[in-house]
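*Asks:* Below: one structure in structure tokens.
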Amino acid sequence: QVQMVESGGGLAQAGGSLRLSCTTSGSTFDDYAMGWFRQAPGKEREGVSCIHWSGSRTDYADSVKGRFTISRDNAENTLYLQMNSLKPEDTAMYYCAAGNKYYGGFSCGALNVEYWGQGTQVTVSS
């Protein structure tokens, strides 16, 4: 009964901020890499940002570097994504993900996702 529940999505205006949270239950994820992926209608899912289980390594999509910050609190079983300077192109469904295997150097693209959350919608208006 593993659950990963996202929250914090909603409507924001361009230049605004949102903070996404992913709270996990039913399993221990303190030894898992975790991350955020997003998918806009008609487009392929892409990795936004991922973080090593220890928090020592992170990965960001080029499109969000300098604007988004990923963090985690293993004691609270929670993953966060602070999103600043939002742009309309950030509009998408955002999914929390976890995995403990990689197919290369640490990155969202190399992460073998084992668990997914149900998603939280982020909409950014002009």
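The values are calculated or read from the model by the stated rules, or taken from the named source; none is laboratory data. Note that this is a predicted model, so its numbers are computed, not measured. Glycine gets a Cβ as well: all are built from the backbone with ideal geometry, and neighbour counts include every protein chain shown. When the accessible area is computed, the model is the full protein with side chains, heavy atoms only, and any ligands, DNA or RNA have been set aside. Shrake-Rupley method; radii C 1.70, N 1.55, O 1.52, S 1.80 Å.
*Asks:* Report in % the part of the accessible area of the chain that belongs to carbon and sulfur, leaving out ligands and nucleic acids; probe 1.4 Å.
*Replies:* In the chain, the share of accessible area belonging to carbon and sulfur is 44 percent.
*Asks:* For the range 12-112, which trypsin sites (Lys or Arg not before Pro) pass both filters: DSSP loop (anything but H, G, I, E, B) and at most 16 other C-beta atoms within 10 Å?
*Replies:* Listed in order of number, the matching sites are Lys43, Arg45, Arg57, Lys65, Arg67, Lys101.
*Asks:* Quick one: among Gly99, Gly16, Gly35, which has the greatest mean-square fluctuation in a GNM of the chain with alpha-carbon springs under 10 angstrom?
*Replies:* In this elastic network of the chain, the residue with the biggest mean-square fluctuation among Gly99, Gly16, Gly35 is Gly16.
*Asks:* Select from the range 1-94 those GluC sites (Glu not before Pro) which occupy a DSSP coil region and have at most 13 other Cβ atoms within 10 Å, ordered by residue number.
*Replies:* Those satisfying the criteria are Glu44.
*Asks:* Now a separate question. When ligands, DNA and RNA are left out and all protein chains stay put, how many square angstrom of accessible area per residue does the chain have with a 1.4 Å probe?
*Replies:* 50
*Asks:* Taking the Cα centre of the range 1-96 as the origin, how large is its charge dipole in debye, to the nearest 20, when only Lys and Arg (+1) and Asp and Glu (-1) carry charge on their Cβ atoms?
*Replies:* Using Cβ point charges on Lys, Arg, Asp and Glu, the range 1-96 gives about 240 debye.
*Asks:* Shifting gears a bit: How do Tyr32, Tyr60, Tyr102, Tyr94 rank by accessible surface area computed with a 1.4 Å probe, from largest to smallest?
*Replies:* Ranked from most to least accessible, the order is Tyr102, Tyr60, Tyr32, Tyr94.
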